[in-house]
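The values are calculated or read from the model by the stated rules, or taken from the named source; none is laboratory data. These figures come from a predicted structure and were not determined experimentally. Using ideal geometry, Cβ is built from the backbone for each residue, glycine included, and neighbour counts are taken over all protein chains shown. Side chains are part of the model used for accessible areas, which takes the heavy atoms of the whole protein and leaves out ligands, DNA and RNA. Shrake-Rupley method; radii C 1.70, N 1.55, O 1.52, S 1.80 Å.
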Amino acid sequence: MNDYRDRIRDALDSGGTFAGLYAVARGGPVRVALTDESGTVHVETVEPRSGVVQSIVDLAPTAAWDEREAHDLYGVRFEGHEPLRPLVDHDQEIGSWTVPVEGRDPYQVAVGPIHAGVIESGHFRFHVVGERILHLDARLFYKHRGLERSAEGASLEDGLAVVSRACAACAVTNGVAYAQAAEKALGARSSAELARARTILLELERIWSHLNDISAVCAGTGLAAGAQRFAGLTERARRLNARLTGHRFLFGTVRVGGSDLTLDSETMSDAREELESLRAESSSAWRELVFNRSFDDRLVDVGIVRAKDVRRLGATGPAARAAGVPVDARAVSPALAYDDFVPVTPIRATGDVKSRLEQRHLELVQSFELLEALLTKPVRPCSTESGAPEHPIAASRVESPRGATLCVAERDGGRLTRVHLRTGSYANWPVVAFAAVGNMLADFPLINKSFELCYACADR
């Protein structure tokens with residue numbers, strides 16, 4: 001097993017990054033997905049000895065949740081990961097899953113799992129002195145659905161229906177990540193037209209999501225005018241999705257082996273016109289936020305995640321780029337139409353709430369420009385191309401609005417034996433807990449909204 005740690009260490013020392021860890025089955029192997037500098041995903045395998053695998057959290061701290069989940073669901077023990085607190089298995093004893101904070105003054109504040117408003121279940125246990133947060137334990141997985149297990153035995157085509165329903169907000173991203181992994185397993189590769197169709201869908205998903213996230217930050221500060229204006233733009237973006245694809249959240253637009261997306265010249269023209277209107281109005285709304293001094297002051301130096309924290313904790317997506325770390329899976333996505341894509345970061349990349357908000361705006365501008373270039377000619381049904389090598393285990397990584405999403409598909413013939421989904425939200429939830437430390441208790445709703453992660457991506 002020392003060889004296993006050596007392989008992981010060598011990959012990380014060579015510029016690779018940890019992308020995910022999962023157990024295949026109870027008593028079966030554990031796999032670790034790693035990306036190299038080109039963005040290619042490699043999967044390393046280790047066989048447990050008497051149910052034990054050496055932990056790699058000292059090499060890649062972001063693997064902590066992955067190891068805890070593999071322990072809870074498949075009984076794998078990770079030597080060196082102490083204490084190995086439960087994550088998915090909800091022990092009712094508070095001390096079993098929270099970090100002890102001792103002293104005369106600290107006390108705890110429990111929030112959730114039931115919240116005001118229509119959101120998913122999540123329990124946040126704050127350890128505080130006065131109003132200052134010393135530590136936060138986050139517990140999710142209240143509605144864990146076992147989607148990965150339910151996909152086992154399905155055909156590679158049918159597995160898509162399970163994976164793409166993991167989260168409504170990430171339906172396209174999750175679907176494309178799975179479809180690309182399944183196609184790679186079957187020895188197929190993306191055609192230029194398929195790459196364009198999927199990239200259009202991914203950027204449509206990103207636009208409504210980023211508009212929604214800006215609205216959420218406005219709501220977190222109590223700026224009702226900004227929240228409502230960007231919520232209205234979000235609604236318009238979703239209605240555009242419905243006109244183009246038949247569904248506001250773009251359900252059913254991805255399939256394994258090709259694309260059925262059809263956009264004729266008239267539809268394309270209408271889409272470009274609406275997108276241009278959305279770009280102009282979102283730019284106007286953004287200027288009103290920028291020049292609102294009281295709003296701006298509320299965001300500065302709140303929930304800071306610095307570049308060194310991004311690298312240590314494995315933060316991804318806008319949260320990483322807002323700290324000045326220009327990582328974006330779109331820049332290394334040969335199966336998608338992101339030619340010459342360059343990640344953007346804010347001028348003031350300090351990793352606070354303000355930076356994360358500014359990052360969303362920068363990416364909105366980028367997405368509007370990408371769609372303008374992609375929507376220049378009709379989109380017609382298309383298929384993958386054959387001739388690539390087949391693989392029993394294949395992985396794909398796609399940039400969601402919240403960060404890089406990994407999907408690994410394992411097959412025996414035409415049937416899935418294992419599928420694993422690790423989303424950008426999953427990667428960033430521990431980062432939210434880190435960002436809260438040192439801030440005031442009343443800051444947490446704003447910090448949380450500046451990440452605006454999906455609960456369902458953990459409850460898969």
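Some values worked out for this structure:
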read-out	value
Within the range 22-40, tally of residues that are in contact with a strand residue (DSSP E or B) (Cβ under 7 Å, 6 or more places away or on another chain) and either modelled with pLDDT of 95 or more or of a type in the set (Ser, Thr, Tyr) (or both)	10
Among (1) among the β-branched types (Val, Ile, Thr); (2) buried (at least 18 other Cβ atoms within 10 Å of the Cβ); (3) free of Cβ contacts under 8 Å to residues at least 24 places away in the same chain, the one test that residue 431 misses	(3)
Matching residues in the range 315-329 - criterion: being touching a residue at least 40 places away in the same chain (Cβ under 8 Å), surrounded by 24 or more Cβ atoms within 10 Å (Cβ to Cβ) and hydrophobic (A, V, I, L, M, F, W, C)	315, 319, 320, 329
Cross-chain or 6+ apart pairs with Cβ under 6 Å, the range 1-30 first and over 30 Å from residue 152 (Cα atoms), then surrounded by fewer than 14 Cβ atoms within 10 Å (Cβ to Cβ)	15/37
Test: residue in the range 330-344 that is buried (at least 20 other Cβ atoms within 10 Å of the Cβ), over 30 Å from residue 264 (Cα atoms) and β-branched (Val, Ile, Thr)	no
Neighbours by Cβ (under 9 Å, 6+ apart or cross-chain): first from the range 79-93, free of Cβ contacts under 8 Å to residues at least 12 places away in the same chain; second open to solvent by 100 Å² or more (accessible area, probe 1.4 Å)	none
Any hit, the range 399-412, residues being open to solvent by 40 Å² or more (accessible area, probe 1.4 Å) and more than 24 Å from residue 244 (Cα to Cα)	yes
Strands (runs of 3 or more DSSP E) fully within the range 1-62 counting 2 or more residues that are open to solvent by less than 30 Å² (accessible area, probe 1.4 Å), aromatic (Phe, Trp, Tyr) and closer than 27 Å to residue 317 by Cα	17-23
Residue 199 in contact with a Phe, Trp or Tyr (Cβ under 7 Å, 6 or more places away or on another chain), in contact (Cβ under 8 Å) with a residue 40 or more places away in the chain and assigned to a helix (DSSP H, G or I)	yes
Every residue from the range 280-308 that is under 17 Å from residue 349 (Cα atoms) and either open to solvent by less than 10 Å² (accessible area, probe 1.4 Å) or among the β-branched types (Val, Ile, Thr) (or both)	290, 299, 300, 302, 303, 304, 305
Residue check, residue 13 charged (D, E, K, R), within 20 Å of the chain's Cα centre (by Cα) and at pLDDT below 95	no
Scope the range 190-217; condition hydrophobic (A, V, I, L, M, F, W, C), closer than 23 Å to residue 442 by Cα and surrounded by fewer than 24 Cβ atoms within 10 Å (Cβ to Cβ); matching residues	216
Single match in 446, 357, 362 (criterion: farther than 23 Å from residue 88 by Cα and surrounded by 24 or more Cβ atoms within 10 Å (Cβ to Cβ))	357
Some residue of the range 350-359 being touching a residue at least 60 places away in the same chain (Cβ under 8 Å) and touching a strand residue (DSSP E or B) at 6+ places or on another chain (Cβ under 7 Å)	no
Test: residue 364 is of a type outside the set (Ser, Thr, Tyr) and under 29 Å from residue 33 (Cα atoms)	no
Of all residues making up the range 409-432, the number that are under 15 Å from the mean Cα position of the chain (by Cα) and assigned to a strand (DSSP E or B)	3
Only one of 415, 397, 411 that is farther than 20 Å from residue 42 by Cβ, of a type outside the set (A, V, I, L, M, F, W, C) and in contact (Cβ under 8 Å) with a residue 60 or more places away in the chain	415
Condition broken by residue 395, with the remaining ones in (1) hydrophobic (A, V, I, L, M, F, W, C); (2) buried (at least 20 other Cβ atoms within 10 Å of the Cβ); (3) at pLDDT below 95 satisfied	(3)
2 or more residues modelled with pLDDT of 90 or more, open to solvent by 50 Å² or more (accessible area, probe 1.4 Å) and touching a Phe, Trp or Tyr at 6+ places or on another chain (Cβ under 8 Å): qualifying strands (runs of 3 or more DSSP E) within the range 68-172	107-111
Test: residue in the range 243-261 that is farther than 18 Å from residue 176 by Cα and out of contact with any Ser or Thr (no Cβ under 9 Å at 6 or more places or on another chain)	no
The range 286-314, residues that are in contact (Cβ under 8 Å) with a residue 60 or more places away in the chain, closer than 25 Å to residue 368 by Cα and of a type in the set (A, V, I, L, M, F, W, C)	286, 289
Residue 242 being part of a helix (DSSP H, G or I) and crowded, with 17+ Cβ neighbours inside 10 Å	no
